[in-house]
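Since the structure comes first, as structure tokens, the remarks are kept for the end.
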């Protein structure tokens, strides 16, 4: 099957689930296809392209809102780290894989992107297996990591002042736990981005954000055939508690 037919088949499935938005769906399909097709070329990766690995719609929204004076905290390093380091005023990134962290640091240095503190916090052996959907469990849904605890990784954001961050990006491991720790650190009017938010085991963490304004961006993203969802939540500007 050609890339165009593969892409059309994915959009056909998406359109069936969004009949009331069929015109917008068709428009998005046409707009995103060239970028999606080109991203699947040999050698293309988020790190080589310096882009976040999120859906195209979410990437356009991020382009619109990000500012040079923003304070950003990120779980999971990669192309998004290079992107954010070149656009935000302050960036702290947490990575669990030491070899990957070294590679991303090398790219930051090569591109002279100095506005990033990239910290590696490796997981520890868990006392007992935990439910990956439980924010208190601090475990990954990846089978090979289920016996590890990401408690220190998720808690790394605790050192930030409450209501001080303009954006928190959750695109690493133990995402429900990361969302739980991040909630009180986002400033009123600030944003939390959860990638792959359509995964069922993230539903409990998403529900805990309650009255935060939600923007779902479902559709294609670079490098992969399957469509997915990247979601921004915006903390209300007047909120009694987190």
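The values are calculated or read from the model by the stated rules, or taken from the named source; none is laboratory data. Bear in mind that the values here come from a model prediction, so they are computed numbers and not experimental data. Cβ coordinates were reconstructed from backbone atoms using ideal geometry, including for glycine residues, and neighbour counts include every protein chain displayed.
For segment 27-141, which fully contained strands (runs of 3 or more DSSP E) count at least 1 residues that are modelled with pLDDT of 95 or more and within 21 Å of residue 205 (Cβ to Cβ)?
Hits in segment 27-141: 71-75, 90-95.
Count, please, the residues in segment 123-148 that happen to be in contact with a strand residue (DSSP E or B) (Cβ under 9 Å, 6 or more places away or on another chain) and either surrounded by 13 or more Cβ atoms within 10 Å (Cβ to Cβ) or closer than 13 Å to residue 174 by Cβ (or both).
Selection size over segment 123-148: 10.
Out of (1) surrounded by 15 or more Cβ atoms within 10 Å (Cβ to Cβ); (2) out of contact with any strand residue (DSSP E or B) (no Cβ under 7 Å at 6 or more places or on another chain); (3) farther than 21 Å from residue 160 by Cβ, the odd one out for residue 99 is which?
(1)
Among what's in segment 215-235 and is under 30 Å from residue 8 (Cβ atoms) and out of contact with any helix residue (DSSP H, G or I) (no Cβ under 8 Å at 6 or more places or on another chain), pick the residue that is surrounded by the fewest Cβ atoms within 10 Å (Cβ to Cβ).
224
Out of segment 142-166, which residues are part of a loop (DSSP other than H, G, I, E, B) and on the phi < 0 side of the Ramachandran plot?
Those that are part of a loop (DSSP other than H, G, I, E, B) and on the phi < 0 side of the Ramachandran plot: 142, 146, 147, 150, 160, 161, 162, 164.
Could you tell me whether any residue of segment 81-92 is touching a residue at least 40 places away in the same chain (Cβ under 8 Å) and touching a helix residue (DSSP H, G or I) at 6+ places or on another chain (Cβ under 6 Å)?
no
In segment 156-175, is there at least one residue being at pLDDT below 90 and crowded, with 21+ Cβ neighbours inside 10 Å?
For segment 156-175, residues at pLDDT below 90 and crowded, with 21+ Cβ neighbours inside 10 Å: absent.
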